[in-house]
Amino acid sequence: MRTKLLSFFSVVLAFSVGVVGTFFVLQYTDEEQETNVENIVNNITLNEIDSIATSLEEIYDATIFITSYYGSSPISTGSGFVYKVENEYGYIITNNHVVEDATSLTIMNTSGKTYSAEIVGTDVYSDLAVLRMSKEGVLKTATLGISNDSKVGDTVFTVGSPLGVEYMNTVTKGTLSGKDRMIETTLSNGEYMMEVIQVDAAINPGNSGGPLCNLKGQVI
C-alpha cells in the first residue's frame, strides 16, 4: 500500500513539475517572441517605392492655371506649363481650345499670384497654343521629354486644375495604356482624326493644357 502511495505521489509530482515547467517555458518563449517582434518592427525602414513625389518636384511649380476672357467675361479655364524663359518673358504651352476666342488671358502660378498673358501662336489641328507672360511670374520651367521613348505600361502622371481654381494643381497618376491611338475629334473648323496617347490617369475638364509626365518629371 505504501509503495502504491509513493508511486501515486511521484506521478502527481512529476505531472505538476511538468505543467509548471511547460508554463514557464511557454511564457519565456512568448516574451522572447514579443521582444524579437518588437525589435524587428523598431528596425524596419519603409521605402515608398511607388511615390512620385520626387518626380513631381520637377514640374509642379511650372504648372499654371489659365482663365480666358471674352471682353470682361470669363469663357473658359484650363491648365498649362512654362517651358522656357527668354528675355523678359516666360513661355507657356497649353491647348488651343482653352484660349480660343479669348480677347484677354490671366494666369495664376502656384504661389497664388496672377499675371496677364498673351497668345503668341496657335495650331488648331494639334490643339496647341503658346502664350507668354512676364518672367516675374515664372517659378520654374518644365523639361520636355520625348514621347516616342515612353513605353506602354510606363507610370505617368498629370498636373492640372480640374473643375476650376479650387482644385488647382491636382495630381493624378496612372499607366500609359496605349500609343498611336487614332480618335475622331471635333475642332472649331470641323471633324478630324488625331493620333494620341492613351492613359488611365484621371483627367477632367480643366486639366486641358496641363502636362502629362514620365517618372523623370519630363513632359511627354
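Considering each residue of region 162-178 in turn, at least one proves to be of a type in the set (A, V, I, L, M) and at pLDDT below 90.
Considering only residues that are farther than 15 Å from Ser79 by Cα and without any contact (Cβ under 8 Å) to a residue 24 or more places away in the chain, which ones fall in region 150-173? Matches in region 150-173: Gly153 only. Checked against the criterion of being modelled with pLDDT of 95 or more and out of contact with any helix residue (DSSP H, G or I) (no Cβ under 8 Å at 6 or more places or on another chain), the candidates Asn36, Asn42, Asn95, Asn109 yield just one match: Asn95. Here Gly209 does not fit the description of being under 21 Å from Tyr60 (Cβ atoms), open to solvent by less than 40 Å² (accessible area, probe 1.4 Å) and at pLDDT below 90. Candidates in region 130-158 are the residues that are of a type in the set (Ser, Thr, Tyr) and open to solvent by 30 Å² or more (accessible area, probe 1.4 Å); of these, the one that is farthest from Gly217 (Cα to Cα) is Ser134.
Selection over region 88-123 of residues that are open to solvent by 20 Å² or more (accessible area, probe 1.4 Å) and either in contact with a Pro (Cβ under 6 Å, 6 or more places away or on another chain) or in contact (Cβ under 8 Å) with a residue 24 or more places away in the chain (or both) gives a count of 19. Filtering region 159-187 to residues that are open to solvent by 30 Å² or more (accessible area, probe 1.4 Å) and of a type in the set (A, V, I, L, M, F, W, C) leaves Leu163, Val165, Met168, Val171, Met182, Ile183. Every condition in (1) farther than 19 Å from Ile59 by Cα; (2) open to solvent by less than 50 Å² (accessible area, probe 1.4 Å); (3) more than 26 Å from the chain's Cα centre (by Cα) is met by Asp127 except one, and the failing one is (3). Scanning region 188-201 for residues that are in contact (Cβ under 8 Å) with a residue 40 or more places away in the chain and either open to solvent by 30 Å² or more (accessible area, probe 1.4 Å) or among the aromatic types (Phe, Trp, Tyr) (or both) yields a count of 6.
Looking at region 56-80, which of the residues that are farther than 18 Å from Val98 by Cα and in a helix (DSSP H, G or I) is least open to solvent (accessible area, probe 1.4 Å)? The qualifying residue least open to solvent (accessible area, probe 1.4 Å) is Leu56.
When restricted to residues that are among the aliphatic types (A, V, I, L, M) and over 16 Å from the mean Cα position of the chain (by Cα), region 181-217 contains 7.
The values are calculated or read from the model by the stated rules, or taken from the named source; none is laboratory data. In this text the structure is predicted, and so the values were computed from the model without any measurement. All Cβ positions, even for glycine, are placed from backbone atoms using ideal geometry, and neighbour counts span all protein chains on display. For the accessible areas, the whole protein counts, side chains as well, though only heavy atoms, and no ligand, DNA or RNA atoms are used. Shrake-Rupley method; radii C 1.70, N 1.55, O 1.52, S 1.80 Å.
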